[in-house]
Amino acid sequence: MDDIYLIEIRLAMTKWRIRETISNIGRLFAIEGFLELHPHITLFGPFTLNKGVSTSQLIDLIGLVAAGVGPIPFMMDGWEMRQGIHGSVIAFPVRPSDPLKKITASIANVLSPLAHSHNIWDASPDSKWFHVTIANRMDPQQASTVFSVLTGQPQEESPRGIRSRLKQLLRSVFSSKKEH
């Protein structure tokens, strides 16, 4: 079986807040089994290396692209739901900065000839979906219910009182931001 790789950036200063928010959403909606345990932004992949390409070549190329790159700014804004490779995905959409777009395109340019990506956006980095996954591999109806509550869109299937509990949860997470 081929090894599968993923090039990602992990969240730095906001990691604990994102993890806490994801965990609270999981408990609130009883979707713990679908949660992303390591919040990140995918730069390339998942992918497998072409025959004859070694992991040391992969590491060297990523090192060349990343040399001299410092912190990469971006903004997370709102909620988003899409259909993923293995089911529905709920995520925080990311508004990418020019440095994030540039490193993503550079990695795609050097790795595409050496790898087979399982992600359609890798072939076209300009149209890439930048996001931080909250939950994935979800049944579309379940994801739709969770998403409708997160976005405040009415839906009959939403559990009673869940919207007010979610607002309270989000207020507590974001008010702790002001204290730190």
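The values are calculated or read from the model by the stated rules, or taken from the named source; none is laboratory data. Quick caveat: nothing in here was measured; it's all calculated off a predicted structure. As a convention, Cβ positions derive from the backbone with ideal geometry for all residues, glycine included, and neighbour counts pool all protein chains shown. Calculation scope for accessible area: heavy atoms of the full protein, side chains included, ligands and nucleic acids excluded. Shrake-Rupley method; radii C 1.70, N 1.55, O 1.52, S 1.80 Å.
If only residues of region 62-109 that are surrounded by fewer than 17 Cβ atoms within 10 Å (Cβ to Cβ) and polar (S, T, N, Q) are counted, the one that is farthest from GLY45 (Cα to Cα) is SER97.
Select, from LEU6, LEU37, LEU28, the only residue that is under 28 Å from VAL146 (Cβ atoms), of a type outside the set (D, E, K, R), free of Cβ contacts under 8 Å to residues at least 12 places away in the same chain and open to solvent by 30 Å² or more (accessible area, probe 1.4 Å). Show your work before the answer.
Values: LEU6 fails: free of Cβ contacts under 8 Å to residues at least 12 places away in the same chain; LEU28 fails: free of Cβ contacts under 8 Å to residues at least 12 places away in the same chain.
That would be LEU37, the only listed residue that is under 28 Å from VAL146 (Cβ atoms), of a type outside the set (D, E, K, R), free of Cβ contacts under 8 Å to residues at least 12 places away in the same chain and open to solvent by 30 Å² or more (accessible area, probe 1.4 Å).
Would you please name the residue that is most open to solvent (accessible area, probe 1.4 Å), looking only at residues in region 113-129 that are at pLDDT 95 or above and assigned to a helix (DSSP H, G or I)? Within region 113-129, the match that is most open to solvent (accessible area, probe 1.4 Å) is PRO113.
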